[in-house]
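Bear in mind these aren't lab numbers, they're just calculated from the coordinates by the rules spelled out. The model shown is predicted, which means the values in this text are computed figures rather than measured ones. Note that we place each Cβ from the backbone using ideal geometry, even for glycine, and neighbour counts take in every protein chain shown.
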Amino acid sequence: MSKFIKAALASSVLVASVMGATAARADTATADARANILQQVTVNSDGTALDFGTIVTGTAASTVSVSAGGRSCGAGLVCSGATSAAGFDVTGTAGETVSVASDPSVTLTSGTNSMTANIVASVSTLTLTGGVGSFNVGGLLNVGANQADGAYEGSFNVTVNYN
Amino acid sequence: MTIQALRALKTCCIGLTSLATAMTMTLTPAQAAGDLLVAPTRVVLDGDRGTEVILNNIGSETATYRISLELRRMTADGRLEEVSEEQSNQIEQAAKAMIRYAPRRVTLPPNQPQAIRLGVRAPEGLADGEYRVHLLFRAIPEARSVTDQTVPDGGFTIALTPIYGVTIPIIVRYGNLQATAAIANGRMETDAEGQSFAFDLSRSGDRSTYGEIRITKPGLDEPVMVARGIAVYPEVTKRTVSLPVPPEIAAQLSGPISVAYYESANDGGALIAKSDMIIR
């Protein structure tokens, strides 16, 4: 079993060797080479998280948005610190078109307090030019009036859908 | 050693650890827990024979993955939209009921592949047709340790954990099914992200079509552009295909061109549809 798996995962190497064998035509002898070659997809986090930085609340409700382009701090809030959008890398077959979907929103909680954030993926369709592609996920945080202090946590789903 | 000295040492150690973590992250940015590899990227089952899908942990830490059956519907612009249990129709429920797979949860050390076995059990009197589910592979995030949850003195901090994964279609074809497709209305479109070549891809019949789009120009041997993994699922009879094109290719996409839709090489590579058009 594990041999088969390794053989399948080493597909690129096998492709190269099988193709090499076909290209070099032997005059005196022939041999069949067979391998089960599977197309693969990988999804990696590139190490950056969706980070809204530090926010000091105001008396009125406001929003903070973060995308790959940077941060936009709503009226009445004070924002500081570095921000980042979560980044993902996808590899697969060259020229493959995949669709990217994320949860529309996420609820962040800290004890009994909560707030919501809208989640936005930078693309809905990704073309793997040369077999690689990347996208990032930003968000719009809805900060309530006099939002309670605390450490808010939440999680959201990001899915790469193959056709 | 005094308690204060111990505290200082602890702070220092934490500082060093976080510094080390930061350094590791810069060195290997593409290896967070939960990274995954899935092969193949599409499964078509004809009849009762099952198959295997391989899941590999390509991250640097041990991770637990959950494998589940999800429903998706294609939209008019070709995206796959999530379908909840309540929204699902009879065909989708039947598809979900006939797929058997195991294991459904697996913990893998780095670089450890695991085969997920897939099988079909079609119920008696199943109507001919194409049944489809999407197999979702997703890492379960680790629980945060209590020490990470430090509450700040003022303002608030936010920890948002992405749970990311990949879905691949599992298609069961029951009966003798046919489908044809047609290409029309090729056009160049421009939006904020740049130029794209778009066209309408219509489908008729009782199964999906899947393959690659090859755009050729008369006089050129090689295709100007190839896009793989283009599907039209049975729930839509027509979708738009919009392919982002870099400027150097966009410049070539004018005048007479030919847009062809081929089956993928695994399915035989036959021509499904072809249309000659003039782009202005």
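Want the number for B:Ala179 to B:Arg66: 0.36 nm per residue separation, take away the alpha-carbon distance, what's left?
Working: separation 113, 0.36 × 113 = 40.68 nm, distance 3.43 nm.
Separation in residues times 0.36 nm, less the Cα-Cα distance, equals 37.3 nm.
Determine the gain in length on full extension of the stretch B:Ala76-B:Leu220; use 0.36 nm per residue of separation and subtract their C-alpha separation, reporting nm with one decimal. If you can, show how the numbers build up before the last one.
Values: separation 144, 0.36 × 144 = 51.84 nm, distance 3.23 nm.
In short, 48.6 nm is gained.
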### q = 0.23 Å⁻¹, the stretch B:179-279: log10 I(q)/I(0) [Debye, one scatterer per Cα]
-1.27
### Task
Please give the average number of partner chain Cβ atoms lying within 10 Å of the Cβ of each residue in A:90-97, rounded to a whole number.
6
## Note on the structure
Interchain or sequence-distant (5+) residues whose placed amide H lies within less than 5 Å of the amide H of B:Ile140 are B:Thr64, B:Tyr65, B:Arg66
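Rank these for me by crowding, B:Glu61, A:Glu96, B:Glu86, B:Glu222, going from fewest to most other beta carbons within 10 Å. Write down the numbers at each step before the final one.
Numbers: B:Glu61 13, A:Glu96 24, B:Glu86 5, B:Glu222 9.
Ascending number of Cβ neighbours within 10 Å: B:Glu86, B:Glu222, B:Glu61, A:Glu96.
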### Task
Work through the residues other than B:Ile67 whose Cβ is under 9 Å from its Cβ and net out their charges, Lys, Arg +1 and Asp, Glu -1.
+4
### Summary
The answer for the net charge of residues other than B:Pro103 whose Cβ lies under 11 angstrom from its Cβ, with Lys and Arg +1 and Asp and Glu -1, is +4
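Determine, for B:Leu220, A:Leu128, the number of other Cβ atoms within 10 Å of each Cβ, and report the residues in order from fewest to most.
On the way: B:Leu220 10, A:Leu128 21.
Arranged by neighbour count, lowest to highest, B:Leu220, A:Leu128 become B:Leu220, A:Leu128.
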### Task
List every residue whose amide H lies under 5 Å from the amide H of B:Thr161, counting only residues 5 or more places away in sequence or on a different chain, with H placed 1.01 Å from N in the peptide plane.
A:Gly154, A:Ser155, A:Phe156
### Query
How many partner chain Cβ atoms sit within 10 Å of a residue's Cβ in peptide A:120-129, on average, as a whole number?
3
### Query
How much net charge surrounds A:Thr129 when only other residues with a Cβ under 15 Å from its Cβ are counted (Lys, Arg +1; Asp, Glu -1)?
-4
### Intensity falloff of the stretch A:41-161 expressed as log10 I(q)/I(0), Debye formula with alpha-carbon point scatterers, at q = 0.12, 0.18 Å⁻¹
-0.48, -0.90
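Among B:Ser196, A:Ser45, which comes first, second and so on when ranked by fewest other beta-carbon atoms within 10 Å?
Numbers: B:Ser196 18, A:Ser45 22.
Going from sparsest to densest Cβ surroundings: B:Ser196, A:Ser45.
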